[in-house]
1. For the chain, with a Gaussian network of springs between Cα atoms less than 10 Å apart, report the residue from 102, 22, 91 with the top mean-square fluctuation.
2. On full extension of the chain, what length is gained from residue 63 through residue 78, given 0.36 nm per residue of separation minus the C-alpha to C-alpha distance?
3. Comparing 52, 109, 40, which has the greatest mean-square fluctuation in the GNM of the chain with Cα pairs linked when under 10 Å apart?
4. Can you tell which of 37, 29, 59 shows the greatest fluctuation in a Gaussian network model of the chain with Cα springs below 10 Å?
5. Can you compute the helix-only [θ] at 222 nm over the chain? Use -39500 (n - 2.57) per DSSP H run of at least 4 residues, normalise by all residues, nearest 500 deg cm²/dmol.
6. Going by alpha carbons, how many degrees (0 to 90, nearest 10) lie between the helix axis of 84-94 and the longest principal axis of the chain?
7. Under a plain spin-label model, where a point goes 7 Å from the Cα along Cα-to-Cβ, how far apart in nm are residue 52 and residue 3?
8. Quick check: the angle from helix 96-118's long axis to the longest principal axis of the chain, C-alpha only, nearest 10 degrees?
């Protein structure tokens with residue numbers, strides 16, 4: 001399954017905003033690295049923003065999963081009896097936004113770790 005199919009199955013309402021948040025994190029990290037290698041002052045909000053956006057993406061994915069499960073359970077309630085295969089497939093798909101949000105959060109944590117190691121204040125403490 002490619003990334004486009006994964007986005008479509010996971011629900012564009014939740015997967016697309018998480019992708020936009022990932023792009024935002026990548027842009028902010030690029031700004032940090034450019035400023036760092038040019039020797040410019042790095043604002044503190046830059047480090048905090050990457051962490052907060054990553055955390056938000058995880059919780060947004062979790063919200064997508066919960067709302068997807070509620071909608072799926074409503075559909076099961078209306079349909080009556082369904083097979084276990086359909087239920088398992090629906091449960092699997094409901095985890096896509098959460099997994100994607102968690103991946104984005106982990107990426108933001110790696111970037112945040114790199115930024116704290118490269119910032120001048122961490123060199124003075126080390």
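1. Between 102, 22, 91, it is 91 that shows the largest mean-square fluctuation.
2. Taking residue 63 through residue 78 to full extension adds about 3.1 nm, to one decimal.
3. Looking only at 52, 109, 40, the largest GNM fluctuation is found for 40.
4. Looking only at 37, 29, 59, the largest GNM fluctuation is found for 37.
5. -30000 deg cm²/dmol
6. 20
7. The two pseudo-label positions are separated by 2.6 nm.
8. So the helix axis and the longest Cα principal axis differ by about 10 degrees.
Rule-based calculations on the coordinates, nothing more; no lab input. Since the structure is predicted, the reported quantities are computational estimates derived from the model, not experimental observations. Backbone-built Cβ (ideal geometry, glycine too); neighbour counts: all protein chains shown.
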